[in-house]
Each structure stands twice: as structure tokens, then as C-alpha cells.
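The values are calculated or read from the model by the stated rules, or taken from the named source; none is laboratory data. Just so it is clear, the structure is predicted and the values come from calculations on it, not from any experiment. We place every Cβ from the backbone using ideal geometry, glycine too, and count neighbours over all the protein chains shown.
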Amino acid sequence: MDIVNLPGVAAARRPEPPNQRQRGAQLPRPATASKRSTSLQYLRFCMVGVSNAVVDLAALNLLLLLYPTRSDLTLLVYNTVAVMLAILNSYLWNTRWTFHDQVTNSGRERALFIAQAILNIAINNVVLVVMTDLLPTQTGDWSILTANLAKLAAMFTASSTSFLLLHTFVFRPRAS
């Protein structure tokens with residue numbers, strides 16, 4: 001009989017400390033791992049952003065093609081619908097993939113996400129209106145091309161703000 005398999009010897013061994021991850025605490029990461037993690041997170045955020053851009057632009061252009069308009073107010077309504085669809089896409093992908101290890105699904109987190117989404121819509125609409133006024137047109141009115149160029153500027157501005165808010169406040173890394 002092997003000494004390790006003797007009855008009572010296994011019980012006398014010192015118990016292993018519980019895994020810190022099982023207790024809910026995260027192990028401290030070295031600075032390089034943290035930078036790498038943020039870089040990977042930003043890359044994922046950008047990939048989600050591309051899918052958001054597809055959803056956003058497709059929705060806006062579909063509305064413009066199905067219900068043509070020259071009204072700035074109607075353009076804002078279309079843009080708001082398109083941005084809301086992109087934000088829904090963003091929430092689904094960011095909570096399940098980009099920030100999956102930081103998501104708590106708390107009421108606070110959801111409220112901050114909604115606040116960030118409202119700010120995103122506001123920034124998107126303001127930049128869209130300003131850019132449609134600034135971009136040169138042949139007739140003095142904006143066109144689908146002008147709307148799309150303005151939309152690209154609006155998406156860039158709003159998504160940059162969104163990443164900072166999501167990373168810093170909404171899905172911030174949990175304290176160790």
C-alpha cells in the first residue's frame with residue numbers, strides 16, 4: 001500500500017487555498033497585461049462598431065429610400081431610429097463579448113448604459129445636423145450623399161465618446 005493512499009493521510013494534508021476567482025475577486029494583473037486587455041477590448045469594440053455602423057447606415061438609408069424626404073426634422077427622426085437600432089446591436093455585442101468579463105447586469109449598469117445611449121443619440125443628431133449644413137451641395141439642400149457623409153462624421157464622434165463612457169463608467173473594471 002502506498003503511503004499517499006493510506007486512510008487518514010489525505011485528510012491530514014493541508015487544504016489548498018480556494019481559487020480567488022471562485023470567491024469573486026480578480027487577481028491583480030501586471031500593467032502590460034492590463035494594457036493588452038484594454039487594447040483587445042478596444043479592438044473588439046471597433047469590430048462591434050463596424051457592425052453598428054452597418055446597422056446604422058443600413059437603417060438610415062433604407063428609411064431614406066423607402067420614405068424620401070428633404071426635411072431636417074424627418075432626417076433627425078430617421079437618424080434617431082437608426083442610432084437606436086445600432087445601440088441595441090451595441091448592447092448585445094458589448095455585454096456578451098467586448099466587456100463580458102466586466103458586466104454585472106446591475107440596475108446601475110443598465111441605467112448608465114441608457115444614459116450613455118441617450119447622450120450618443122444627442123451627439124449623433126447634433127453632429128449630423130451641423131455637418132449637413134456645413135457640407136457643400138449643388139442645390140442648397142442636403143442629399144443622400146450629404147446625409148451619409150454627415151452620418152459618418154456623427155458616428156465617429158459619437159462612437160469615440162461611447163467607448164470612453166462604456167470603458168470608464170458603464171462597464172468599468174471591477175475593483176480587486
Response to the item:
Of those in region 130-176 that are within 29 Å of ASN105 (Cβ to Cβ) and hydroxyl-bearing (Ser, Thr, Tyr), the residue modelled with the highest pLDDT is THR157
Practice prompt. Inspect all residues belonging to region 129-147 and state whether any of them is closer than 28 Å to LEU43 by Cβ, of a type outside the set (Ser, Thr, Tyr), touching a residue at least 24 places away in the same chain (Cβ under 8 Å) and surrounded by 14 or more Cβ atoms within 10 Å (Cβ to Cβ).
Written response: no
Worksheet item: For region 92-126, how many residues meet the condition of being in contact with a Lys or Arg (Cβ under 9 Å, 6 or more places away or on another chain) and part of a helix (DSSP H, G or I)?
Response: 5
Response to the item:
Going through region 63-109 in order, the residues found to be among the aromatic types (Phe, Trp, Tyr), crowded, with 18+ Cβ neighbours inside 10 Å and over 10 Å from the mean Cα position of the chain (by Cα) are TYR78
